[in-house]
Amino acid sequence: MEPKNDFSNRIVLTDRRHLLVDGVEHVGSFNEKEIGLVTNMGFLTLRGEGMHITQLNLENGNLVVEGRISLMEFIDNKNVGSLRGKGMLNRIFK
């Protein structure tokens, strides 16, 4: 999976309650406790409580999340093949 766009990849977390992500290509699944994203640099899973997507613009690759963010997990594009059969991709895209 190669990057599809020219968006920069930037993540800004303020006070663990406001998250700005640039380079977002797809939002797979989301609820108040977990959000699964595909970015131009790979997969990103967010975990926390009371999380809400307050802004999403896939044309510009921007996402804003409000809520308590307790974990950000990154998976590079080159490591996606090793995830098959482990449920991570299924969780992101449920």
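The values are calculated or read from the model by the stated rules, or taken from the named source; none is laboratory data. Not measured: the values here are computed from a predicted model. Positions of Cβ are backbone-derived with ideal geometry, glycine not excepted, and every protein chain shown enters the neighbour counts.
Taking the stated definitions as given, is ARG47 over 11 Å from VAL21 (Cα atoms), within 12 Å of the chain's Cα centre (by Cα), in a strand (DSSP E or B) and at pLDDT 95 or above? Here the answer is yes, as ARG47 does meet what is asked. Do we have any residue at all in the range 79-92 that's modelled with pLDDT under 95 and at positive phi? Yes, the conditions are met somewhere in the range 79-92.
Table: residues versus (1) surrounded by fewer than 19 Cβ atoms within 10 Å (Cβ to Cβ); (2) modelled with pLDDT under 95.
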site: LYS4; (1), (2): yes, yes
site: ASN31; (1), (2): yes, no
site: GLU34; (1), (2): yes, no
site: GLY42; (1), (2): yes, yes
site: GLY67; (1), (2): no, no
